[in-house]
Structure formats: structure tokens, C-alpha cells
1. Semi-axes, largest first, in whole Å: what does sqrt of 5 times each Cα gyration tensor eigenvalue give for the chain?
2. May I ask for the equivalent-ellipsoid semi-axes of the range 230-296, computed as the square root of five times each C-alpha gyration tensor eigenvalue and listed largest first in whole Å?
3. Compute the distance in nm between two label points, each set 7 Å from the Cα along the Cα-to-Cβ direction, one at V14 and one at K286.
4. With charges only on Cβ, +1 for K and R and -1 for D and E, what is the dipole size of the chain about its Cα centre, in debye, rounded to 20?
5. Quick check: pseudo-label points 7 Å beyond the Cα along Cα→Cβ at Y28 and D83, how many nm apart are they?
6. Treating only the Cβ of Lys, Arg, Asp and Glu as charged (+1, +1, -1, -1), what charge dipole size does the range 156-236 show about its Cα centre? Round to the nearest 20 debye.
7. Set the Förster radius R0 to 41 Å, insert the Cβ-Cβ distance between D4 and R279 as r into 1/(1 + (r/R0)^6), and round the FRET efficiency to 0.05.
8. Taking Rh as the Kirkwood radius, which is the inverse of the mean 1/r over Cα pairs, what is the Rg/Rh value for the range 51-135?
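The values are calculated or read from the model by the stated rules, or taken from the named source; none is laboratory data. Keep in mind the model is a prediction, meaning the values are calculated, not measured. Heads up, the Cβs are rebuilt from the backbone with ideal geometry, glycines too, and the neighbour counts pull from every protein chain shown. The area values use the complete protein model at the heavy-atom level, side chains included, leaving out ligands, DNA and RNA. Shrake-Rupley method; radii C 1.70, N 1.55, O 1.52, S 1.80 Å.
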Amino acid sequence: DRSDFVTANSYFSVSLSLLPEDHWNSMYTFCRSLYFSVAKAAYSSANLEKAQKALQKIIDESKCLNEKLDALHLLVTVLVERDAQEQAFTTSFEVLLQLGETIPDSFDKRDARAMVKKTSKILGDISEESMSKMKEVDKKTEYILMFYNHISGVAFFAKPAMVPYFSCRMMQLSMENGISKYSIGSFLNYAGMLCNNKVFRNIEGGCRLGRIVMKTVSSKRFGSCSDQKAKLCFQYYALIAYYSEPFQHCRDMLREGVEAGLGTGDVRYSFLNALNSIRLGLLSGKNLQDLLKETE
């Protein structure tokens, strides 16, 4: 069922209006939670300006980096939706530096080839069994992977030469530190690069890795992944699976991703799934009138 984020947004607005003037001093923990709920409801009901203001307030008032990471994570998503790509890139870049990462200023094709080769060795002959035995990643590394995922997506348009670095770095961190339902997307990011980057193209290897990841997700190792389903559907069925699986099956799964995104408030990936469902419909020769009805 789809959640009613518009109504939630209205209720949270009333809650904000009832707070005392010194609420950040007298109700610090509660305010962080409330403002984040306000931001999520506003984002999911397409009120991006309100969401950004609430998140910025959390960032300004929080006492340490750990207490503002969730707000920064959602803020980057909002910035991307508002087409503030440069600000989204800069924000992700600065957070990664604060989390201890070192990111090169430039990354040419020679560097990329060397890093992909190194990553392939680390990855080895990974299988569904070996992935199922990987340890749970620690929270700090999970946040690092989340922000690398952000910056990789933005870099695809802003700094495409850096995308291989970000994809490989995510893969290396995952193999060294473990996985969780919030970081397993780093494997799909790397698999997508193998399928779609002309310099390192290895469609067979990318599809194989993608299938292993999706089988691990469906095994329920991480319990319910409903809050990640829209994103995982896009990463796998829009960027990887259509090389090796029937278009119609990919379209069906992308439409499931649309519904999953609408149900959890994941507006960005719900839209991307819808867009790519139509793209595959066009590629498969689906009747244009039927495709038009899908968009209504």
C-alpha cells in the first residue's frame, strides 16, 4: 500500500508550530527526530524546498558529524532532485573527507584500468555462497558507501572520468568490510559499470555479479529490503539485467520498483524505474498507444 505522505507532512507541520522557542536547547534529541521526519514527509510529497530547509536546520544544530549523517544523506538526494548537481557532488565529497576517505583530484584512463584490475583480483570468483557468508559491515563504512553511491551517481554527469574510481572504491570497501542491505548496492554499481563502460566492458561478468547480488537480496539475509527495493530494481533491471534477461521481465520488475518507491517515499528511484520501463518498452517494440496509457 502507498503511504500518505501529504497527510503526514501536514501533521508534522502542526507539530513544528507547537514547539517552544528554545526547542533545540530544551528538546535536542526530539527535535532532530521531528525535523528529519518533516524532511522525509516533505521530500516524499514533492515539497523539496521544505525538505531542504528542515535538513539544513538539523545540520546546523547538530553537535557532531555522526548526528547529521542521515540528514546529509537525504539532503544530497534532495539536491539531486532540485538539479543542484554541483552542490550535491561537493556535499558528498566533503562528507567523505570527514569520514576519512582520500579522493584523488584527477583520475585518467590508465589509473582507471589499474584500479579495475586490482578490484577484479579482490573480487575473485565471488559466488552466492561466499557473498552469503560475508560479515555485516560496520556503521561508519556503511555511511561511506552510501555517500560514495551518491557521488558516483552525480559524477556520471558532472565528472564522468571519476566514476570508475568511485565504483571500484565502493567494491573494495565492501569486500574488505562486509555488506548490509544499505551497502549491497555497491556491488550492483560495479556490475553496472562493467556492463556499460566502454573501456572496461565485461557484460558477462557484470550480469553474473548482478544475479548473485539479487539472489542474496531475495534470500532474506537482511530481512525485508522493501525500503531499498526501488533502488535495487533500477540498478539491476535498468542497467544490468536487460543484457541477459527478457525485456518484458525487466519491465515487469521495473514497474514493481515504481510501486515500491511510491510506497516508501523513494520519489527519485520510483521515477527512474518508470522512465526505464518506458525505455525498454520502446526498445522491445511495444505498441505506442499502450505505452502512452502507462504514463497517464
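1. Output for the chain: semi-axes of 32, 25, 18 Å.
2. Values: eigenvalues 66, 45, 11 Å².
They are 18, 15, 8 Å, listed largest first.
3. 4.1
4. 940
5. 4.0
6. 160
7. On the way: r = 30 Å, r/R0 = 0.73.
Between D4 and R279 the formula returns 0.85.
8. 1.11
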